[in-house]
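Asker: Provided herewith is a single structure, encoded as structure tokens, for subsequent inquiry.
The values are calculated or read from the model by the stated rules, or taken from the named source; none is laboratory data. This is a predicted model, so every value here is computed, not measured. Please note: Cβ atoms are built from the backbone with ideal geometry, for glycine as well, and neighbour counts cover all protein chains shown. Each accessible area value is taken on the protein alone, full model and side chains, heavy atoms only, with ligands, DNA and RNA left out. Shrake-Rupley method; radii C 1.70, N 1.55, O 1.52, S 1.80 Å.
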Amino acid sequence: MAELRVNPTRMELKKIQARYNTARRGHKLLKDKRDELMKKFLEVVRADKELRERLETSLAAVHGSFSIASAVSSPLMLKEALMLSKKESELDVDFRNVMSVSVPVFRLDVRTEGGTDSYNYGMAFTSGELDASLRELNEILTDLVKLAELEKTAQMLAEEIERTRRRVNALEYIMMPRYLETMKSIKMKLEENERGNTTRLMKVKDMMLQAQLQAQLQAQNAGE
């Protein structure tokens, strides 16, 4: 692991220690965020799975009803019956915050012209299977919008989980080891400098003692 290029001083050592402590706290917070995001993601995925299975069954029933209606009715009659719609739908999109991720909230507003009857064709020349298929399709519109909301939420949470995982790994395997290696290197250099200073002081002390002894010997010789 490559260490940071800094001057081996006590001031730099304190700065690196502060960075390391900040990185360690950030690492813990990001891990907690990742774990909570995973919990929310699994909740959304389970809800999405249940709703998708239910909708697949309902859509299969709608498809069956349309198939029967196509078999008992002429293509021209079906085309004329389904050409115009009495319903108008408007999709409102809002957002909510999930662990700092803005996920969408879809609301479907369906308005029917002329009251609650959604059929735009006369009942005399159409089959009951067509009525049933349209009724079943209307009943699952809200669930289809909800499924889109859940799947978009799952996608956005998965992207945020991946971003958070990369940040956690960068701190855990790159930045924090680099700070530790740099602090270790600075401490070793400081200790080496201290040993060098101690050795020099001892040499200076020995030289001073030797000079003092020589001065004493010269004084004695001069007194004799």
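Asker: Can you pull out the residues in the range 141-156 that are open to solvent by less than 80 Å² (accessible area, probe 1.4 Å) and either among the polar types (S, T, N, Q) or touching a Leu at 6+ places or on another chain (Cβ under 6 Å) (or both)?
Answerer: Asp143, Val145, Leu147, Thr153
Asker: Return the total of residues in the range 79-116 being open to solvent by 70 Å² or more (accessible area, probe 1.4 Å) and either under 16 Å from Leu134 (Cα atoms) or modelled with pLDDT under 65 (or both).
Answerer: 12
Asker: All but one of (1) at pLDDT 90 or above; (2) open to solvent by 50 Å² or more (accessible area, probe 1.4 Å); (3) out of contact with any Phe, Trp or Tyr (no Cβ under 8 Å at 6 or more places or on another chain) hold for Phe125; state the number of the condition that does not hold.
Answerer: For Phe125, the exception is condition (1).
Asker: Go through the range 19-40 and count every residue that is in contact (Cβ under 8 Å) with a residue 40 or more places away in the chain and open to solvent by 50 Å² or more (accessible area, probe 1.4 Å). Steps first, answer last, please.
Answerer: The first filter runs over the range 19-40 and keeps only residues in contact (Cβ under 8 Å) with a residue 40 or more places away in the chain, leaving 19-20, 23-24, 26-27, 30-31, 33-34, 36-38, 40.
Right, trim to open to solvent by 50 Å² or more (accessible area, probe 1.4 Å) and you get 19, 24, 31, 34, 36, 38, 40.
Counting residues in the range 19-40 that are in contact (Cβ under 8 Å) with a residue 40 or more places away in the chain and open to solvent by 50 Å² or more (accessible area, probe 1.4 Å) gives 7.
Asker: Answer yes or no: is there a residue in the range 52-66 that is within 30 Å of Met99 (Cα to Cα) and either open to solvent by less than 60 Å² (accessible area, probe 1.4 Å) or free of Cβ contacts under 8 Å to residues at least 40 places away in the same chain (or both). Outline the logic, then answer.
Answerer: Residues of the range 52-66 that are within 30 Å of Met99 (Cα to Cα), as a first pass: 52-55.
Next, from what is left, pick out any that are either open to solvent by less than 60 Å² (accessible area, probe 1.4 Å) or free of Cβ contacts under 8 Å to residues at least 40 places away in the same chain (or both): 53, 55.
The answer is yes; a qualifying residue exists.
Asker: Which number in (1) of a type in the set (S, T, N, Q); (2) modelled with pLDDT under 90; (3) open to solvent by 80 Å² or more (accessible area, probe 1.4 Å) marks the one condition that Ser74 misses?
Answerer: Single failed check for Ser74: (3).
Asker: Also: Would you mind telling me which numbered condition in (1) closer than 12 Å to Thr182 by Cβ; (2) in a helix (DSSP H, G or I) Asn21 fails?
Answerer: (1)
Asker: Does Ile16 count as surrounded by 13 or more Cβ atoms within 10 Å (Cβ to Cβ), modelled with pLDDT under 95 and within 30 Å of Arg166 (Cβ to Cβ)? Give the derivation first.
Answerer: Values: surrounded by 13 or more Cβ atoms within 10 Å (Cβ to Cβ): yes; modelled with pLDDT under 95: yes; within 30 Å of Arg166 (Cβ to Cβ): yes.
Answer is yes for this residue.
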